[in-house]
1. For the stretch 52-106, enumerate the residues that are aromatic (Phe, Trp, Tyr) and closer than 14 Å to residue 120 by Cα.
2. So, residue 71, is that one buried (at least 16 other Cβ atoms within 10 Å of the Cβ), without any contact (Cβ under 8 Å) to a residue 60 or more places away in the chain and over 11 Å from residue 99 (Cβ atoms) or not?
3. Tell me whether the stretch 77-93 contains one or more residues that are in contact with a Gly (Cβ under 8 Å, 6 or more places away or on another chain) and among the acidic types (Asp, Glu).
4. Would you mind stating whether residue 15 is at pLDDT 50 or above, β-branched (Val, Ile, Thr) and out of contact with any Gly (no Cβ under 6 Å at 6 or more places or on another chain)?
5. When the stretch 50-76 is examined, which residues are found to be of a type in the set (D, E, K, R) and in contact with a Phe, Trp or Tyr (Cβ under 8 Å, 6 or more places away or on another chain)?
6. So, residue 57, is that one modelled with pLDDT of 85 or more and either in contact with a Pro (Cβ under 8 Å, 6 or more places away or on another chain) or not assigned by TED's automatic domain parsing to the domain that holds residue 120 (or both) or not?
7. Which residues, counting only those in the stretch 59-108, are of a type in the set (Gly, Ala, Ser), within 19 Å of the chain's Cα centre (by Cα) and part of a strand (DSSP E or B)?
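The values are calculated or read from the model by the stated rules, or taken from the named source; none is laboratory data. A quick note: this is a predicted structure, and the numbers were derived from the prediction, not measured. So basically every Cβ, Gly included, is an ideal-geometry build from the backbone, and we count neighbours across all protein chains shown.
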Amino acid sequence: MIQRTDRKKTRPCVVIAYDELNCPPVNRAEREDVLNLSLDQNYPNPVVLRNGSNVSTTFSFRSLSGYARLRIFDSEERERMTIFDSDVESGRHELQARVSGFAAGSYFIRLEVNGQIKTKRFAIVK
């Protein structure tokens, strides 16, 4: 919420903006949230490996539409897995990855969308 000073008194107000495509007004904070690429922390984190079970973790991100690639790298910067490599629509996306075959250690999730890059660290433990 943005504070605006009114000459008579100070009161909170929500700034409304129209986007370039003449869409209905949206809250500016929500609009900027979609315009900016964001990568959320995976869950669970740390990922706990269990013998004989398929262990997975969930990754989520928000972006505009375009070409997206989501990959996992190990601590030595070697690519371990490509989770997603395709076009996406604007909005929030959630993907799961099976990491049962990974060794315990530190890993990085790297999201690339339309030339923008976001990276997060996560751990796998026994």
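1. Within the stretch 52-106, the first condition is being aromatic (Phe, Trp, Tyr), and the residues that meet it are 59, 61, 67, 73, 84, 102.
Hits for the stretch 52-106 are 59, 61, 73.
2. On the way: buried (at least 16 other Cβ atoms within 10 Å of the Cβ): yes; without any contact (Cβ under 8 Å) to a residue 60 or more places away in the chain: yes; over 11 Å from residue 99 (Cβ atoms): yes.
The answer is yes for residue 71.
3. Yes, the stretch 77-93 contains at least one residue that is in contact with a Gly (Cβ under 8 Å, 6 or more places away or on another chain) and among the acidic types (Asp, Glu).
4. Working: at pLDDT 50 or above: no; β-branched (Val, Ile, Thr): yes; out of contact with any Gly (no Cβ under 6 Å at 6 or more places or on another chain): yes.
So residue 15 fails the test.
5. Listed by number, the residues that qualify are 69, 74.
6. The answer is yes for residue 57.
7. 60, 63, 66, 68, 86, 91, 97, 106
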